[in-house]
1. Pull up all non-local amide H partners of A:SER131: gap of 5 or more, or a different chain, and H-to-H distance under 5 Å with H placed in the peptide plane.
2. Where q = 0.13, 0.21, 0.22, 0.28 Å⁻¹, what log10 of I(q)/I(0) comes from the Debye formula for segment B:28-91, counting one point per Cα?
3. About its Cα centre, what dipole magnitude does chain A give when the only charges are +1 on Lys and Arg Cβ and -1 on Asp and Glu Cβ, stated in debye to the nearest 20?
4. Nearest 10 degrees, 0 to 90: what angle lies between the long axis of helix B:13-39 and the longest principal axis of chain B (Cα atoms)?
5. With each pseudo-label sitting 7 Å past Cα toward Cβ, what's the A:LEU10-A:ALA99 distance in nm, one decimal?
6. Considering only A:ASP133, A:ASP96, A:ASP35, give the residue with the highest GNM mean-square fluctuation for chain A, with springs between Cα atoms whenever their separation is below 10 Å.
7. Between A:THR32 and B:ALA107, how many nm apart are label points set 7 Å from Cα along the C-beta direction?
8. Within segment A:14-39, find all residues whose amide N lies under 12 Å from a label point positioned 7 Å from the Cα of A:LEU65 along Cα-to-beta-carbon.
Amino acid sequence: MTLSPATQNLFALVGRALIALLFIPSGIGKITGFDGTVRYITAANLPMPEVAAAIGIFVEVVLALLLLVGWQTRWVALAIAVYCIVLAFGFHHYWDMPAAQLVAQKFNFYKNLAIAGGLLSIAAWGAGAWSVDSMRARPQPAMV
Amino acid sequence: MGTNTYLCTDTTPSREALVLLGRALMAYLFIPSGWAKLVGFSGTAAYIASQGVPLPEVAAAIAVAGELGLGLLLLLGWRTRWVALGLAAFIAVITPIFHGYWNVPDAQRMMQKINFDKNLAIMGGLLALSAFGPGRWSVDGMRRAANSAEDAQSGDRGARV
């Protein structure tokens, strides 16, 4: 299969946008409903709920915006992928949930991992040409 | 010449590991789900019929082929870019039907909206994978390596997978 460079860049941009659009509204909701977010994190028995909420806002608003515009895309995608996996285990550990929530949380768990998987392919190859990274026309920092 | 500039050209083990792990994580959503639809086929068809989809058995068979078949190919990395595009199209079709949150009772709305948005994000990841390809640690990558001498001879550096 040969994709034209424009198609590649379009797919990469639309792909980044679809992922960013999961996070940005959710992150804004965490700002406007900060207290509720903290209570939700507390209910999940996670440590330092205020700090965790602030980290969540940073990832979902700031890093997702960077993913959308494609700035330091590989590092940003890797960080968001780690965030998705942490959330899957922190909030969607379906294996010890009551039966009423089990199926819904199982979907959430596997979907979080799949979203992380898509982000990892962006972390591997970068944002494509339609991105700040590419316009700056500098090689991205070598990753390991 | 020089097209597909980020398809496997600047490869490092860390990049290959990231993209392989990424494919595995995506396949891990689809393969068990497709398998469950196969072993519980009549229940799958009943669920599809309950959403008002015509020909529920045919739709269930397509869903099994899509999730189990394409999921396995995604993991193996065989014709990955088409497979990823096919799975993205599959998600685009099923998401409004099964997670149309604007159409459900209030009690389910939030959960369905989360599912809807997560499905779009998964579709986004599949599109990115379709754009960039599966890397060398894949059936496509091995076939590319086998064809590379031929490609170099013909001067064709485009994606052949």
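Each value in this text was obtained by applying a stated rule to the coordinates, not by laboratory testing. These figures come from a predicted structure and were not determined experimentally. FYI the Cβ positions are ideal-geometry reconstructions off the backbone, even for glycines, and counts take in every protein chain you see.
1. none
2. Debye intensities relative to I(0), on a log10 scale: -0.34, -0.78, -0.84, -1.12.
3. 280
4. So the helix axis and the longest Cα principal axis differ by about 30 degrees.
5. According to this spin-label approximation, the distance is 5.0 nm.
6. A:ASP96
7. 2.7
8. Once the point is set 7 Å along Cα→Cβ of A:LEU65, A:24-25, A:28 turn out to lie under 12 Å by backbone N, inside segment A:14-39.
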